């Protein structure tokens, strides 16, 4: 009788272990699940969102002018260049978004990338900085859009900042310089999964 009770207890403990141990291992190596953290986004939400018009972004070079319509109806990663030059932080951020877009696999066609130049930069200079990035759109913001973006921050806009624009043209998330592309990917994949647009 006692042996039967011990066997039953051992079986219950084994079943409990089989159910809990994999979850505990996943928890340990994967970090806390987003639903337990209470939020899923890794970037900062822009509230209220910044609305843009089609005319707010103007192509800097011939390629960008010819393909500016590609921004409409897509999720767009906007690298911001606030100064008259693109330093190592800025170039690193642009490289990260290039790699990030490639990581999206089947969702890659739903996204686009662009660099927003706040200062006057010649197309030749911009192309020299970004010569290895043939499909990157280079754009200038309108004065109205420049003012809206500047107002979302108390401090000057830093080199390497990233903005996320939805398919309707709303700037809705921002990421600080040195952002982790895997965290941006996590946000973007979540948005692509729940979005019927783009």
Can you give the percent of C-alpha pairs in the chain whose distance is more than 25 Å?
44 percent
If you line up the long axis of helix 2-30 against the longest principal axis of the chain, both from Cα atoms, how many degrees apart are they, to the nearest 10?
10 degrees
With a 10 Å Cβ neighbour count serving as the proxy for reagent exposure, in which order, fewest first, do 57, 104 appear?
104, 57
Can you pull the one-decimal nm distance between simple spin-label points at residue 12 and residue 143, each 7 Å off the Cα toward Cβ?
7.7 nm
Förster-model FRET efficiency, 25 Å R0, residue 180 and residue 49, C-beta, rounded to 0.05
0.65
With axes computed from alpha carbons, what is the tilt in degrees of helix 88-103 against the longest principal axis of the chain, rounded to the nearest 10 within 0 to 90?
60 degrees
By counting other Cβ atoms within 10 Å of each Cβ, how are 184, 135 ranked from fewest to most?
135, 184
Helix 181-194 against the longest principal axis of the chain: what's the angle in degrees, Cα atoms only, rounded to the nearest 10?
80 degrees
So the FRET efficiency between residue 153 and residue 87, C-beta based with R0 = 22 Å and rounded to 0.05, is 0.75
Subtract the Cα-Cα distance of residue 61 and residue 125 from 0.36 nm times their separation in residues, and report this length gain in nm to one decimal.
22.0 nm
Counting other beta carbons within 10 Å of each residue's own, what order do 96, 147 fall into, fewest first?
147, 96
Quick one: compute a quarter of the convex hull surface over the Cα atoms of segment 152-198 and quote it in nm².
3.7 nm²
Viscosity 1.567 mPa s, temperature 4 °C: give me the Stokes-Einstein translational D for segment 98-198 in µm²/s, with Rh taken as the Kirkwood radius over C-alpha pairs.
86 µm²/s
Normalising by the residue count of the chain, find the relative contact order in percent from Cα pairs under 8 Å and 6+ residues apart.
32 percent
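Only the coordinates and a few stated rules stand behind these numbers; no lab work does. Note that the coordinates shown come from a computational prediction; the quantities given were computed from them, not determined experimentally. Counting neighbours? That spans all protein chains shown, and the Cβs are built from the backbone with ideal geometry, glycine included.
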